[in-house]
Amino acid sequence: MLEITNLHASIEDEEKEILKGINLRVGAGEVHAIMGPNGSGKSTLASILAGRDGYEITQGSINFEGDDLLEMDPDERAREGLFLAFQYPVELPGVNMSTFLRHAVNSVREHRGQDELSAVDFLKLMKEKAGLVHLDPSLKSRAVNEGFSGGEKKRSEIFQLAMLEPKLAVLDETDSGLDIDALRIVSDGVNQLRSPERSFVVITHYQRLLDYITPDFVHVLVDGRIVKSGGKDLALKLEELGYDWIKEDAVVA
Amino acid sequence: MSDRNSIESRLLQEWESRAGSAMNGRLHDSRAEAIKRFRDAGIPALRSEAWKYTPIRRILDRMPTLDIDPEGINTDGLDLGASTIEGLDAYRVVLVDGRFQADLSDVTGLPKGARILDLRESSSDEDVVRHLDGTGTEARDAFAELNSAFVQDGVAILVDAGVIVPRPILIQQIVTAQKPSLVQPRLLGVFGRNSQARLVEVCSTAGQAEVLTNAFSEFHTATGAVIDHVRLIDEHAGAVHINNLRSYQEGGSNFSTNVITVSAGTVRNQSYFLPDGEHCETHLSGFYLAQDGAHIDNHTLVDHAKPECYSNELFKGILENKSVGVFNGKVLVRQDAQKINAYQSNKSVVLDDTSRMYSKPELEIYADDVRCSHGATTGELDKDALFYLQARGIRQDAARLMLLEAFASDVLDRIKEEPVRAHVDQLIRSRLSRN
Ligand SMILES: Nc1ncnc2c1ncn2[C@@H]1O[C@H](COP(=O)(O)OP(=O)(O)OP(=O)(O)O)[C@@H](O)[C@H]1O
Ligand SMILES: [Mg+2]
């Protein structure tokens, strides 16, 4: 599904290297969690996967379903089946949520050789998917993310994920800002979207989320490198001991 | 400066040569006063603050010699299509080169007490004579004076007290001149107490000749009247359009205007609002799309002379490819005008670094118990927003269009007539997606 090899990246026009040789393989249907201290490069990795500009890839490659991901425009990546749930979704005043989603869904469908959804079918789909994360129906008639609460923005991201049915979803701290109930609801939604064909990369700071969404692998990203990988027990250990023991390990290794 | 007097002196001579012809006494006097004021004011000099970013003298000097008030209008085969609004059920007035075309217009079915007149034919009409130039001459500039000095052609809309005009009035103004020309249409709107009317003006050019339109609209809105006005200006690159609007409101009236400018040439909209009584509502808005060397300048002055009034001003625009936008909005709250609510906002998106936006919002407040705000922002298209849309599979050009339409939507939402809104939407969409 996804294969990241020795990825080095820095911010354009700046010397500073943020990613310093990432290697990651995500197979079909797998759930990978990425944890790591603030500023270690998790969102940078997610942004580079989604194709945000402003980064310079100095070394390495990303292969997605057999294609060179770095060669594709962001919209092309999305149509190919990559989805990023943003850590900080932007507000789009004046852009109506359903108009936006209809456009997005139909772009993806067209790419997959499917017919455009009729207005009726689209509404049905929206209703069904919004139900998955208990999204307040009134949000669908508002401007995208505008004035949404922190939690509503996160639910709306997962709602969009459900609408677009990607092959690979990257969730960047979707759990932060959610209250306990919302966390459970959103996790339930994600679990229902899991399938043997769909993979997830879940970026989080909290073991709590991984109680709900059980990962197949946990990776620890420190200072632009994956310094440790393991099963879901690794998250428990991190919760208990923090990152320091790994950092020390990494230095020793 | 050597030819400083070229255009002025030609205009003055022209005025002299036709003075006395086809003018009745009252009008003759007011024209004579106007030409005097025009002579004193002169075409604004390059150093003029009010015309700082629109060097009108230089622009006019660059134009070929203009045929003043072109004769021999030929309307055979004239295509009104571009300025027609699909689905708009309206009374229709057609002005060609500023002149009322009775055979192309259709104002049948007007209610009793509402009249739409050819100005040329009604220079002795009591109401016309009484109200023409009746919005005062304060803050009037050389171009309004010039229009008044030559006033002859155009349309008068007279609505008596209590009359509600049921359908909008569409005024199609087309400049067809094949030679470089000056056209000076006049619009007079007189709205009696508690009357209601909706006006939609569409200004376009059919020829390719360089033309100067010096338009002047005056509106008198009496107590309790509700008037809604939209003006769409869509002219070719060789057209220079100076559009003076003066709106005089009696207390308790409601006047809205929205000027949408998508011209390829040079446009200066200057509007003056005088809510001259308590409890007036004034809504002024505008949208400008300047592409490929277009120059669009919006100047407004809201003169709050009386207390307890509300004004709301919103101008937005998009600029690209060597274009210039100017906004100068002034809200003046005079000393006795307490309890005024006045809001003003100007926002522009400049799509590339070959284009410029000059924005100058001004608040001048002499009363102490008022609520006023103003603000101006100019920026490029929001990259994060664009990325968000693309990250959902939407192609870059479609995403860009979506964001620009969203940007324009709140000012276009102020267009109340649905078919007009659809027409403007479609026009802007096609201009923005032509690349
Ligand atoms: N546009 C930018 N310009 C300069 N520095 C940047 C930019 N984007 C990211 N960085 C820097 O890169 C580093 C990694 O940032 P990133 O957002 O990827 O961290 P993160 O692991 O997601 O952190 P958090 O857990 O706080 O979300 C940080 O030091 C950050 O300041
Ligand atoms: Mg982050």
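The values are calculated or read from the model by the stated rules, or taken from the named source; none is laboratory data. Keep in mind that what you see is a predicted model, and the values were worked out from it rather than measured. Positions of Cβ are generated from backbone atoms using ideal geometry, with glycine treated the same way; all protein chains shown enter the neighbour counts.
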Kindly list, by first and then second residue, each pair from a residue in the range B:28-44 that is assigned by TED's automatic domain parsing to the domain that holds B:LEU60 and farther than 15 Å from B:GLU14 by Cα to a residue that is of a type in the set (A, V, I, L, M) and buried (at least 19 other Cβ atoms within 10 Å of the Cβ), limited to pairs with Cβ atoms under 6 Å and residues at least 6 apart or on different chains. B:ALA41/B:ALA142; B:ILE43/B:ALA142; B:PRO44/B:ILE56
With A:SER156, A:SER149 as the choices, which residue is of a type in the set (S, T, N, Q) and surrounded by 21 or more Cβ atoms within 10 Å (Cβ to Cβ)? A:SER156
Scan the range A:40-53 residue by residue and report those that are within 11 Å of another protein chain (Cβ to nearest Cβ), outside any helix (DSSP H, G or I) and within 17 Å of A:VAL201 (Cβ to Cβ). A:GLY51, A:ARG52
Name every residue in the range A:7-50 that is more than 13 Å from the chain's Cα centre (by Cα), more than 12 Å from ligand 1 (Cβ to nearest atom) and not hydrophobic (A, V, I, L, M, F, W, C), in order of residue number. A:HIS8, A:GLY21, A:ASN23, A:ARG25, A:GLY27, A:GLY29, A:GLU30
Criterion first (crowded, with 23+ Cβ neighbours inside 10 Å, within 16 Å of ligand 2 (Cβ to nearest atom) and not aliphatic (A, V, I, L, M)) does A:GLY54 satisfy it? no
Considering the range B:382-399 alone, what residues qualify as being over 18 Å from A:THR99 (Cβ atoms) and either more than 10 Å from every other protein chain (Cβ to nearest Cβ) or surrounded by fewer than 16 Cβ atoms within 10 Å (Cβ to Cβ) (or both)? B:LYS383, B:ASP384
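Per-residue answers, yes or no, for (1) over 17 Å from A:ALA33 (Cβ atoms); (2) at pLDDT 90 or above; (3) among the aliphatic types (A, V, I, L, M):
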{"position": "A:ARG142", "(1), (2), (3)": "yes, yes, no"}
{"position": "A:ASN145", "(1), (2), (3)": "yes, yes, no"}
{"position": "A:ARG155", "(1), (2), (3)": "yes, yes, no"}
{"position": "A:GLN160", "(1), (2), (3)": "yes, yes, no"}
{"position": "A:MET163", "(1), (2), (3)": "yes, yes, yes"}
{"position": "A:ALA169", "(1), (2), (3)": "no, yes, yes"}
{"position": "A:ASP172", "(1), (2), (3)": "no, yes, no"}
{"position": "A:SER176", "(1), (2), (3)": "no, no, no"}
Residues that are surrounded by 14 or more Cβ atoms within 10 Å (Cβ to Cβ), within 19 Å of B:VAL155 (Cβ to Cβ) and not basic (Lys, Arg): does the range B:36-49 have at least one? no
Pairs only if they're at least six apart or on different chains, beta carbon under 7 angstrom, first in the range B:96-109 and surrounded by 13 or more Cβ atoms within 10 Å (Cβ to Cβ), second acidic (Asp, Glu) and in a loop (DSSP other than H, G, I, E, B); list them, first residue then second. B:GLY98/B:ASP153; B:ARG99/B:ASP153; B:PHE100/B:ASP153
Return the residues of the range B:123-145 that are in contact with a strand residue (DSSP E or B) (Cβ under 6 Å, 6 or more places away or on another chain) and in a helix (DSSP H, G or I); say none if nothing qualifies. B:ASP127, B:VAL128, B:HIS131, B:PHE143, B:ALA144
Sole exception among (1) away from ligand 2 (no atom under 16 Å from the Cβ); (2) within 14 Å of chain B (Cβ to nearest Cβ) for A:THR5, by number: (2)
Taking the range A:189-211 as the search range and keeping residues that are within 14 Å of A:SER176 (Cα to Cα) and either more than 16 Å from ligand 2 (Cβ to nearest atom) or among the hydrophobic types (A, V, I, L, M, F, W, C) (or both), which one is nearest to the other protein chains (Cβ to nearest Cβ)? A:ILE203
Tell me which residues, restricted to the range B:51-67, are under 17 Å from B:ALA144 (Cβ atoms) and touching an Asp or Glu at 6+ places or on another chain (Cβ under 7 Å). B:THR54
Can you tell me which of (1) under 17 Å from A:LEU24 (Cβ atoms); (2) modelled with pLDDT of 85 or more; (3) out of contact with any helix residue (DSSP H, G or I) (no Cβ under 6 Å at 6 or more places or on another chain) is the one A:VAL227 doesn't meet? (3)
Quick check on A:ASP75: is it away from ligand 2 (no atom under 16 Å from the Cβ), within 15 Å of B:PHE387 (Cα to Cα) and not basic (Lys, Arg)? yes
For the range A:17-39, enumerate the residues that are surrounded by 22 or more Cβ atoms within 10 Å (Cβ to Cβ) and over 12 Å from A:VAL170 (Cβ atoms). A:LEU19, A:ILE22, A:MET35, A:GLY36
Given (1) more than 16 Å from ligand 1 (Cβ to nearest atom); (2) aliphatic (A, V, I, L, M); (3) within 15 Å of the chain's Cα centre (by Cα), identify the lone condition not met by A:LEU123. (3)
Criterion violated by B:TYR248 - all others in (1) within 17 Å of B:GLN172 (Cα to Cα); (2) touching a His at 6+ places or on another chain (Cβ under 9 Å); (3) in contact (Cβ under 8 Å) with a residue 60 or more places away in the chain satisfied: (1)
Out of the range B:413-435, which residues are buried (at least 19 other Cβ atoms within 10 Å of the Cβ) and under 30 Å from A:TYR88 (Cα atoms)? B:LEU432
If A:ASN38 passes every condition in (1) modelled with pLDDT under 95; (2) away from ligand 2 (no atom under 16 Å from the Cβ); (3) not aliphatic (A, V, I, L, M) but one, which one does it miss? (2)
Which of (1) surrounded by 18 or more Cβ atoms within 10 Å (Cβ to Cβ); (2) touching a Pro at 6+ places or on another chain (Cβ under 7 Å) does A:GLU173 not meet, given it meets every other one? (2)
